Each structure stands twice: as structure tokens, then as C-alpha cells.
Amino acid sequence: MLLRLRSSTVDASYASAYSIPITTGSFVTPSLSLQIPKAGTWLIFAKAWVSNTDQSGSQSRIDAKLSIGGGGGDLDNSGVTLQPSYGAYGTIALSSAWKFATSGSVDFFFLTFFNTPAEAANIKMSAIRVDNLASGSLP
């Protein structure tokens, strides 16, 4: 898929967190929120480095999702299954485009299956407002 974008001005938003534990089996509280400062079409990107912190040697499954702040719906989701050893790691990357009618926010959630302890580190979220966004197929 080829995306063409045009923007005469650049508006951007950025958020990051160094390290947070992932200990829940549900998407209840966002781990990081990104403020969208004004209405428009925004390209949203998020990534995190996740690791298995279970010292008993259990396999860890981590899922992540981007959602419109305040329960406005899911934008993207992904997951990774980590080897059953302490310190096993992987990267989760998410992206989406969304047209906001007003300012708002995007939330980044993590969960672990079976409540296996895990950690997310080097978490980053960014958004860039574009004037015009069109999608099509690559030639």
C-alpha cells in the first residue's frame, strides 16, 4: 500500500516512558497517553521494547493496543510471545491514521496473558497532523 500525504504546516505530538511493569490481564489502564492538540487527520505511531520478567521460567504473551482516549475505539493492536526465560524480549510496533473532530488523546495499553510478569521499556508514541491523506496500491 502506498500512502500519499501533503501538509503545508507541521503539527506534531510526542510522548515517551522509560520503563513500566505489565502485570494485568486486561486493557484497563493505559500505560501511556498521547495528547492530540487539535482537530485534523493524524498519523499515529507507537513502539515498545517488551521483556519477560517472570523468574519462574514461564512463557510470556504480551498484547498491546492503541485506542482513542476515553474509550473511543481501537486503532491498532499487536502482540508477541516471549520465550520462557527471564529477560527474553521483543518489540511491538503499532500505527494508524485517524481523523479527530476536536482535540483528544490516544492511549497505549499492554496486557499479559496468564498474568505472567513482564515489562515494557523505551515506550514511544508520536503523531503528525497531515492536511491530506490518500491510500492506494503500489505499482
Whose amide H sits under 5 Å from the amide H of Gly104, counting only residues 5 or more places off or on another chain, with H placed in the peptide plane?
-> Ile36, Lys38
J(HN,Hα) series, the range 80-89, from Karplus relation 6.51 cos²θ - 1.76 cosθ + 1.60, nearest Hz, glycine and proline x = 8, 9, 9, 4, x, 8, 4, x, 4, 9
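Could you grab the relative contact order for the range 14-131? Cα pairs under 8 Å, six or more apart, rounded to a whole percent.
Working: 342 pairs, mean separation 55.3, N = 118.
Relative CO of the range 14-131 lands at 47 percent.
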Qualifying aspartates and glutamates (Cα of each under 20 Å from Cα of Lys99; at least 8 residues distant if same chain) | Asp11, Asp74, Asp76, Asp107, Asp131
Rank Gln35, Ser16, Asn122 by how far each Cα sits towards the positive end of the charge dipole of the range 14-131 (+1 on Lys, Arg Cβ; -1 on Asp, Glu Cβ) and give me just the farthest.
-> Gln35
5 angstrom amide H check on Ala118, placed H, neighbours 5+ away | Ile22, Thr53
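About the Cα centre, and with charges only on the beta carbon of Lys, Arg (+1) and Asp, Glu (-1), how big is the dipole of the range 1-110? Nearest 20 debye, please.
Numbers: 7 positive and 6 negative charges, 75 e Å.
Once rounded to the nearest 20, the dipole reads 360 debye.
Readers should treat all values here as calculations from the given coordinates under stated rules, not as data from a laboratory. What you see is a predicted model; the values in this text were computed from it and never measured. Note that each Cβ is placed from the backbone with ideal geometry, even for glycine, and that neighbours are counted across all protein chains shown.
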